[in-house]
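Step one of this worksheet: look at the structure below.
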Amino acid sequence: MRTEAAHDCILLAAGASTRLGQPKQLLRRQGETLIHRCARLARATQPQRLLIVVATAAANIRAALANVDAELIENSDWQRGLSGSLQLAALQLATSDRTCLLLGCDQPALELAHLNALLSASAQAASGCAALSHQGMAALPAAVSPQLLKTASALQGDRGLRDTLRALPRESIALLDYPELQRDIDDEEDLAAAVRAGWIDANP
């Protein structure tokens with residue numbers, strides 16, 4: 001299903017998964033790595049540009065994206081955290097006037113319908129932004145206006161645009177409630193829960 005308005009997409013995948021102890025990007029759902037699955041879903045929204053940020057040293061993650069139609073951006077300074085990855089991608093889209101879909105790859109229940117709903121809701125929101133509602137506050141995935149994406153240049157450390165989204169007037173942003181997306185994968189407990197839910201393949 002194609003969304004009506006033209007948009008871009010950024011998939012942030014340069015994290016080290018230190019709490020989990022293994023690359024969450026390479027966990028599998030029905031045999032498909034999470035990084036490939038999220039890239040495939042992002043591509044299915046038919047963005048004008050799909051940018052995927054990976055760590056420079058992550059050859060295995062780049063290999064998992066070998067057949068994906070996307071622009072790979074290597075972040076050599078991934079230790080700086082999320083802000084550095086987002087700034088690299090935002091710089092590539094500096095002249096774009098399109099909405100940008102932002103997502104990570106640690107929400108195994110993510111589906112195309114979620115992404116299309118965010119894009120549709122952002123087109124109706126006064127701020128041009130829509131996001132997942134997490135305890136009533138904005139979280140990823142999100143669809144953000146080009147003006148808000150440009151604020152990434154001021155970010156520091158392991159912080160993305162969450163605080164910027166949360167600073168918007170509540171009535172100006174669309175917050176979508178998808179309880180299944182509250183389950184991301186940060187540690188072994190999260191991974192075990194995802195396996196029990198059937199969202200992640202059990203280790204052979």
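Quick notes on this one:
- When residues of the range 164-186 are limited to those that are part of a loop (DSSP other than H, G, I, E, B) and surrounded by 13 or more Cβ atoms within 10 Å (Cβ to Cβ), the one farthest from the chain's Cα centre (by Cα): Leu168
- Scanning the range 185-204 for residues that are out of contact with any Leu (no Cβ under 9 Å at 6 or more places or on another chain) and under 20 Å from Leu115 (Cα atoms) yields a single hit, Trp199.
- Looking only at the range 191-202, and only at residues there that are assigned to a helix (DSSP H, G or I) and without any contact (Cβ under 8 Å) to a residue 24 or more places away in the chain, the one that is surrounded by the fewest Cβ atoms within 10 Å (Cβ to Cβ): Arg196
- Residue ID - nearest to Ala117 (Cα to Cα), chosen from residues in the range 1-36 that are without any contact (Cβ under 8 Å) to a residue 60 or more places away in the chain and part of a helix (DSSP H, G or I): His36
- Number of the condition not met by Ala89 [criteria: (1) assigned to a loop (DSSP other than H, G, I, E, B); (2) touching a residue at least 40 places away in the same chain (Cβ under 8 Å); (3) aliphatic (A, V, I, L, M)]: (1)
- Contacts under 6 angstrom Cβ, first residue in the range 62-83 being outside any helix (DSSP H, G or I), partner of a type in the set (Asp, Glu), 6 or more apart: Gly81/Asp158
- Whenever a residue of the range 98-125 is touching a residue at least 12 places away in the same chain (Cβ under 8 Å), its partners that are of a type outside the set (A, V, I, L, M, F, W, C) and assigned to a helix (DSSP H, G or I), lying with C-beta atoms within less than 6 angstrom and at least six residues away or across chains, give the pairs Thr99/Ser122; Cys105/Gln25; Asp106/Lys24; Ala109/Glu180.
Coordinate-derived values only; no laboratory data. Just so it is clear, the model here is predicted, and its values are computed rather than measured. So basically every Cβ, Gly included, is an ideal-geometry build from the backbone, and we count neighbours across all protein chains shown.
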